[in-house]
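Below is one structure, written out as structure tokens, with a few remarks after it.
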Amino acid sequence: MQEKYIISINGSVIKARGDGDFAMNDMVYIGEDRILGEVIKLKKDVATIQVYESSTGLKIGEKVEGAEEPLSLILGPGIIGNIFDGIQRPLKDLQEKTGDFLKRGISSIGISLEKKWRFFPSVKIGDEVEYGSIIGTVNETKLITNKIMIPYKIKGKITKLVPEAEYFPNETLAEVLSNDGKTYEITMIQKCPSKTPRSYKNRLTIKEPLITGQRVVDIMFPIAKGGTAMLPGGFGTGKTMLQHQLAKWSNADIIVYIGCGERGNEMTEVLEDFPKLIDPTTNRPLIERTVLIANTSNMPVAAREASIYTGITIAEYYRDMGYNVAIMADSTSRWAEALREISGRLEEMPAEEGFPSYLPSRLSQFYGRAGLVENFNGSLGSVTIIGAVSPQGSDFSEPVTQNTKRFIHTFWGLKRDLAYSRHYPAVDWNISYSEYLSDLQNWYEEHVDLDFWDIRAKIVKLLEEENELLEISRVVGQDVLSDSRKLILEVASAIRIGFLQQSAINEIDTFVPIKKQFLMIKSIILIYERSLKLIEKGIPISAIKKTGILDDYKKIKFEIDNNHLEKFNDFEQKIKVELKKIEEEYKNHI
């Protein structure tokens, strides 16, 4: 290893000088404790290094050793169900080594080398392979099969292959004679730089939604598999709660949950809940398809910045196997704050609100790693990124929110007034949007209903008209409105309470199948259109309200079980009967 020595210490940023020929993004080990760092700037013989652990106690003159390789992750079986810190050290392993309080310089690779896995070969000697080719599989969990792939830049012929049996991750499974005459040993392990995107064959057009079981998302503002979304909201608006819901119930194959600079109690809730939760589609524990990266607010800021790249690289690794992976980053504001602090210590010229001028490019690089792709092994995989943003005081004009909006296609804006009135999820339907609607139209028509977009458009129009009428009624009062306009207000209120509002703790309502979601909006449009015809015939809205069908609608989300959707036929029949009864009663008076 090449060496330098410390000449300057400024919090999480140090400078080292010496004869060592360091390279940008190289890993380094600092001082006697061998604290991990990364080279972020070079000027002649001086290297500027960001430190991933506390720099307290470091002294001028201590050695800095270069690892001669970039910050990399160890990828292989054992990642799923594990809990890592921001630089992919398994927290359970670290606890066993040091106790509840981590010591500086403690190291542990991302997967255990002491556990054996049963390898099932899927190729034979003499087969031609290249980057991404699958030579066999390992059952990582009951839900996820880890596919052992040929590493980057290797192309050739299989000359040696082990039989089906149990092996340690670092044992040789196959040998490949490359076209340049070199022989490469293939194990279950891959080493991958975290800040370099993994390669793929083709980027494909997005065509399928990520179904989350949350009505305001799936019906109103859907996100595609391979898409990007942001979730901005001030303190107490429910960002973390909604991300927990998306992580628990979305139909991605694998969830990577990144707690980036979050409070310890919020990460504790995730760590306690996920092992207990059952996946509704497989009836297996959710932890069997989840990777957790815990980087709390009291950890060094540089490690916070690294946690984002750790999460996205793990996601790309499983994407290359043909899985649909969803990343929950909570929150990218804390990541941006880490960039701001490091930039300040580097004495760089600040941009708006002190953030570095390269904040937009870093956000672009991160969200640009999402997408639906064709892999080199012929499989299709996707990475979906959902990033929470925490603007102070719910000010959506601040730099992180505004710059993130440039690179995402779904915006779920959380409104403080909705949250404080106990309307969850507090997604403001007046400012939120999805740019994936046209891409997903065919899927919804094929898998939900041909009339889906027509009915959804009517729901959107009612909510827009309600917003306009509320502005008018604030000035002149609701009493001067016509009955047809009062009906819009009543129906829109039922939509807000009965459809958009959703309980995360109710067993029936916490996850709602897309078919039930459609039947719910279909029912309220039936109520509106039938009621409007009665009003046009001169029947007062007070008579329609007395039937109680609007109140009944607000309850059906709890009363109709997700497995008994046939009861919607009974509810629709009740709507028709009640409204027909009113029409008959008023027939003689019209």
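The values are calculated or read from the model by the stated rules, or taken from the named source; none is laboratory data. Because the structure is predicted, anything quoted here is derived from the model rather than measured. Glycine also receives a Cβ, built like all others from the backbone with ideal geometry; neighbour counts cover every protein chain displayed. Side chains included, ligands, DNA and RNA excluded: accessible areas come from the protein's heavy atoms. Shrake-Rupley method; radii C 1.70, N 1.55, O 1.52, S 1.80 Å.
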Taking a cut-off of 20 Å between Cα atoms, list the lysines near LYS103, but don't count ones fewer than 8 places away on the same chain.
LYS59, LYS63, LYS92
Using alpha carbons only, how many degrees (0 to 90, rounded to 10) separate the axis of helix 567-586 from the longest principal axis of the chain?
30
Determine the calculated [θ] at 222 nm for the chain from helices alone, applying -39500 (n - 2.57) to every DSSP H run no shorter than 4 residues and normalising by the residue count; nearest 500 deg cm²/dmol.
-10500 deg cm²/dmol
Solvent-accessible area per residue, Å², over region 225-282 with all protein chains present [probe radius 1.4 Å]:
31
Just to confirm the number: angle between the C-alpha axis of helix 332-345 and the first principal axis of the chain, 0 to 90 degrees, nearest 10?
40
Net charge near PRO425: determine it from the other residues with C-beta under 15 Å of the C-beta of PRO425, scoring Lys and Arg +1 and Asp and Glu -1.
+3
Which of the pairs LYS516/LYS581; LYS142/LYS276; LYS545/LYS580 have their Cα atoms more than 19 Å apart in this structure?
LYS516/LYS581
Round to the nearest 0.05 the FRET efficiency obtained for THR281 and LEU177 when R0 = 41 Å and r is the Cβ-Cβ distance.
0.45
To the nearest 10 degrees, the tilt of helix 301-319 (Cα long axis) against the first principal axis of the alpha carbons of the chain is 80
Heavy-atom accessible area per residue, region 430-574, 1.4 Å probe: how many Å²?
50
When we measure straight from the Cα of LYS546, which aspartates and glutamates land under 19 angstrom away, once same-chain ones fewer than 8 places off are left out?
ASP479, ASP483, GLU490, GLU529, GLU536, GLU572, GLU578, GLU583, GLU584, GLU585
Rg/Rh for region 541-588 to two decimals, with Rh computed the Kirkwood way over all alpha-carbon pairs.
1.07
Looking at the square roots a ≥ b ≥ c of the eigenvalues of the Cα gyration tensor of region 220-291, which shape do they give, rounded for a/c under 1.5, prolate if a/b is larger than b/c, or oblate?
oblate
When only alpha-carbon atoms are used, what values of Rg and Dmax, in angstrom, describe region 184-336?
15.9, 53
Percent relative contact order for region 350-427, counting Cα pairs under 8 Å at least six residues apart, stands at 23
On the accessible surface of the chain, probed at 1.4 Å with all protein chains in place, carbon and sulfur together account for a percent value of 48
Using a 1.4 Å probe on heavy atoms of the protein chains only, the accessible area for LYS515 in Å², nearest 10, reads 80
Checked region 315-457 with the C-alpha gyration tensor, a ≥ b ≥ c its square-rooted eigenvalues, rounded below a/c of 1.5, otherwise prolate if a/b is larger than b/c and oblate if not; verdict oblate
Counting all Cα-Cα pairs in region 55-202, those more than 19 Å apart amount in percent to 61
Scoring only Lys, Arg, Asp and Glu (+1, +1, -1, -1) among other residues with Cβ under 11 Å from the Cβ of ALA224 yields -1
Remind me, what semi-axes does region 405-562 give for its equivalent ellipsoid, largest first in whole Å, using sqrt of 5 times each Cα gyration tensor eigenvalue?
26, 20, 17
On the Cα set of the chain, report Rg and Dmax in Å, please.
27.8, 101
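Could you tell me which GluC sites (Glu not before Pro) in region 414-480 are loop residues by DSSP with no more than 15 other beta carbons within 10 angstrom of their beta carbon? Intermediate values should be presented prior to the final figure.
Working: sites: GLU435, GLU445, GLU446, GLU464, GLU465, GLU466, GLU468, GLU471; in loops: GLU435.
Filter output for region 414-480: GLU435.
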Which of the pairs LYS97/LYS160; LYS486/LYS515; LYS153/LYS405; LYS124/LYS155; LYS515/LYS555 have their Cα atoms more than 26 Å apart in this structure?
LYS97/LYS160; LYS486/LYS515; LYS153/LYS405
Over what distance in Å are the Cα centres of region 372-439 and region 464-528 separated?
23
Rank by packing, highest mean first: peptides 251-259, 132-140, 172-180, 350-358, with packing defined as the count of other Cβ atoms within 10 Å averaged across residues.
251-259, 132-140, 172-180, 350-358
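From Cα pairs below 8 angstrom and at least 6 apart in sequence, can you work out the relative contact order of region 402-444, rounded to a whole percent?
So the answer I get is 38 percent.
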If you bin every alpha carbon distance in region 379-448 into 10 Å steps from zero, what whole percent lands in each bin?
16, 40, 30, 13, 1
In whole Å, what are the Cα extents of region 1-91 along the three principal axes, biggest one first?
43, 26, 19
Share (percent) of C-alpha pair distances in region 325-380 greater than 20 Å works out to 40
